[in-house]
Amino acid sequence: MNEETFDSPNDWVAGHIRRFLDTDGRARPGVNDLLLTTRGRRTGRLGRTALVYARDADRHIVLASNAGADEHPAWYLNLVSNPDVTVQIGAETLAAIARTATGSERTRLWRLVVASTRPIGPIRMEPAEGSRW
């Protein structure tokens, strides 16, 4: 019996999930996207989101950045409660166990993810000539 899976309530993410599914994960060429399905910690329902990932040997690494918000994304809280997840890369879906990296592994994986994505650096802004803050 297949359970219904609910896509992210965020319109942009839900649209990206649809494009991912329509193209077998080729919606954004050159970008490592995956679909992550977790079980809701309160609802028990399956929820799906789209994330960028990096590879570490046979593991896939994602960041729970929540677009810079102060709180963790719901999918992260869900996998902390139930680490049995489903990952779809391209047309292939596989069962996985998720866990939060800690200590030196966390540091190493953070660097790996940063190195595998487009450069996002700090942007300096300083007063133009004749301007003051």
Note to self: If Ala101 satisfies all but one of (1) of a type outside the set (Lys, Arg); (2) over 26 Å from Gly44 (Cβ atoms); (3) out of contact with any helix residue (DSSP H, G or I) (no Cβ under 6 Å at 6 or more places or on another chain), what's the number of the condition it fails?
What the structure shows: (3)
Note to self: Only one of Ala69, Ala64 is among the aliphatic types (A, V, I, L, M) and surrounded by 13 or more Cβ atoms within 10 Å (Cβ to Cβ). Can you tell me which?
What the structure shows: Ala64
Margin query: Contact list please: Cβ distance under 9 Å, first residue in the stretch 79-96 and over 16 Å from Leu21 (Cβ atoms), second residue in a helix (DSSP H, G or I), pairs at least six apart or on different chains.
Written below: Val85/Trp75; Val85/Asn78; Val85/Leu79
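For the stretch 36-124, please list each of the strands (runs of 3 or more DSSP E) lying entirely inside it that holds at least 3 residues being in contact with a Gly (Cβ under 8 Å, 6 or more places away or on another chain) and not hydrophobic (A, V, I, L, M, F, W, C). Talk me through it step by step, then tell me what you get.
On the way: elements: 46-52, 54-56, 59-61, 84-89, 92-97.
Answer list for the stretch 36-124: none.
Since every read-out is calculated from the coordinates, none of them should be taken as a lab result. Since the structure is predicted, the reported quantities are computational estimates derived from the model, not experimental observations. All Cβ positions, even for glycine, are placed from backbone atoms using ideal geometry, and neighbour counts span all protein chains on display.
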